[in-house]
Amino acid sequence: MRRPSTPPSSPSGSRKRTRSCATGLVCHRCERNFPLEQAIFACPDCGKGLDVAYDYELAARHFAEVPRAERPLNIWRFEELLPIVGTSAQALVGSYAGYTPLIAADRLGAELGLSNLYLKDDSTSRPSLSYKDRVVSMSVARLLELGKDEIGCVSTGNVGTAVASLAAKAGVDAYVFYPSHLEAMKARACRALGAEVCQVEGNYDEVNRRCRDLAAATGMEFANITLRPFYAEGAKTAAFEIVEQLDWQSPDHIVTPAAGGTLSSRLHKGLGELQLLGLAETSATRIHIAQPSGCNPIASAILAEEAEIHAVTPETAAHSLAIGAPGDGYLVIDAVRKRGGTGGFASDPEIFAGIDLLASTEGLLTEPAGGTTIAVLEKLAAAGRFAPDDTVVAVITGNGLKTLDEHPAKPWPDKVDCELDAMLAALEELGRKPSPVAA
Ligand SMILES: [Zn+2]
């Protein structure tokens, strides 16, 4: 569908610069450098992904120049450490993404024996109710810097809705490629937001590989493939916010779900950058990752103390975590080892029990990825991985309203007559004990 709106205006030629201190791209493995302007996403020498490098001394100076009260409460709050250099691209994308609440989870904490438990609640992220708003904002901003007007993505669900929403706001066309197994509500949301949706026979990893070919054949930029070095940087904003929201105290532990590995590896990078800038002492923060039992290649490698990821064929109800060959898995292994964390996994019934536990204690409805995080948090607490007064942050990455159809529901009660007696009888049937006043 071609949009009626005007395409983005001349972002690549934008003369006004952000305070970004990005200096270039660097290969994760062989450390070969590339200019930031070069449209490249994998190292031609060794095939690995590219990271964004920064001038941290300059970033520290820039950061001191602008008081925090004058900084926006969105993903661009720490723009010195983000890779977008043109202000026009930034202004168009994600101005209301990020800065999600950090919730003191007293009731869940009491259940788990933790007195300082917090939830980083990206299930309320704007515009599309998942953490993916952070990363896709960077992809779309980069797309505008490149002067392009269409974007594709491969998605298990949440990337697609973020791309559909942020592309619409930026006035560019969006094409979302889904694997066979998806959460239907997410694909429907993409279409409602004006993106074109193509469901492909195959699992995420197969569709992802084919989308690389598609990008090469068409020249279309893909949010989480060709724009990946930029995409990944958006995930760091969650780390910056967590530490600032704890009044510049880095938590003792972060528990986060892992699929492709972007979030957990960039939480590690973001924490390290806060330390480099002298903003917080973050070196003691451990990162623990949560995966479904039916797709746990990263957690398995961590627990077996292996350096290599062995790809698996996903079989889990947590579709948003169903990535069997995680591209950034090796970075996660490195991050978790360096930080002294661990990996854990949960079966599908445990994942849905995790969703229910979060709902009944904190009133938050999350999707299976969040249920996985809560289930693994519970296991780590039971195994004594946390001291009772440790500060623990669990990252809730997605909203359960998108995945209610996947949840094994209790049977729906029969309709009753609109009469007092019938409704009193219904209350009793639902388990309420009659109160002395009513008797
Ligand atoms: Zn390389």
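Each value in this text was obtained by applying a stated rule to the coordinates, not by laboratory testing. This structure is a prediction, so every number in the text was calculated from the model and none was measured. FYI the Cβ positions are ideal-geometry reconstructions off the backbone, even for glycines, and counts take in every protein chain you see.
Which of the following residues is out of contact with any Ser or Thr (no Cβ under 8 Å at 6 or more places or on another chain) and closer than 16 Å to G272 by Cβ: C27, C43, C21?
Just one listed residue meets the conditions, C21.
Tally the residues that are aromatic (F, W, Y) and over 21 Å from the mean Cα position of the chain (by Cα), restricting the search to the range 205-251.
Counting residues in the range 205-251 that are aromatic (F, W, Y) and over 21 Å from the mean Cα position of the chain (by Cα) gives 1.
Confirm whether S360 is farther than 24 Å from D205 by Cβ and either out of contact with any strand residue (DSSP E or B) (no Cβ under 9 Å at 6 or more places or on another chain) or without any contact (Cβ under 8 Å) to a residue 60 or more places away in the chain (or both).
Taking the combined requirement at face value, the residue satisfies it.
Can you confirm whether G49 is in contact with a Lys or Arg (Cβ under 7 Å, 6 or more places away or on another chain) and of a type in the set (G, A, S)?
Spelling it out, G49 is indeed in contact with a Lys or Arg (Cβ under 7 Å, 6 or more places away or on another chain) and of a type in the set (G, A, S).
Search the range 339-353 for residues that are small (G, A, S) and pair each with any residue that is assigned to a strand (DSSP E or B) when their beta-carbon atoms are under 6 Å apart and the residues are at least 6 apart or on different chains.
As it stands, the answer is G340/R286; G341/R286; G341/I287; G341/H288; G343/I289; G344/A290, since those pairs meet every condition given.
Looking at (1) over 26 Å from A369 (Cβ atoms); (2) buried (at least 20 other Cβ atoms within 10 Å of the Cβ); (3) within 16 Å of the ligand (Cβ to nearest atom), which is the one condition that is false for A59?
Among (1) over 26 Å from A369 (Cβ atoms); (2) buried (at least 20 other Cβ atoms within 10 Å of the Cβ); (3) within 16 Å of the ligand (Cβ to nearest atom), the lone unmet condition for A59 is (3).
Out of all the residues in the range 120-141, which are in a helix (DSSP H, G or I) and over 15 Å from A168 (Cα atoms)?
D122, S123, T124, K132, R134, V135
Could you tell me whether any residue of the range 383-401 is in a helix (DSSP H, G or I), under 17 Å from the mean Cα position of the chain (by Cα) and closer than 24 Å to S125 by Cα?
Yes: one or more hits.
Scan the range 283-300 for residues that are in contact (Cβ under 8 Å) with a residue 40 or more places away in the chain and surrounded by fewer than 24 Cβ atoms within 10 Å (Cβ to Cβ) and jot them down.
Within the range 283-300, R286, S293, G294, S300 qualify.
Do you know which of the residues in the range 25-49 that are part of a strand (DSSP E or B) and out of contact with any Phe, Trp or Tyr (no Cβ under 6 Å at 6 or more places or on another chain) is nearest to the ligand (Cβ to nearest atom)?
C27
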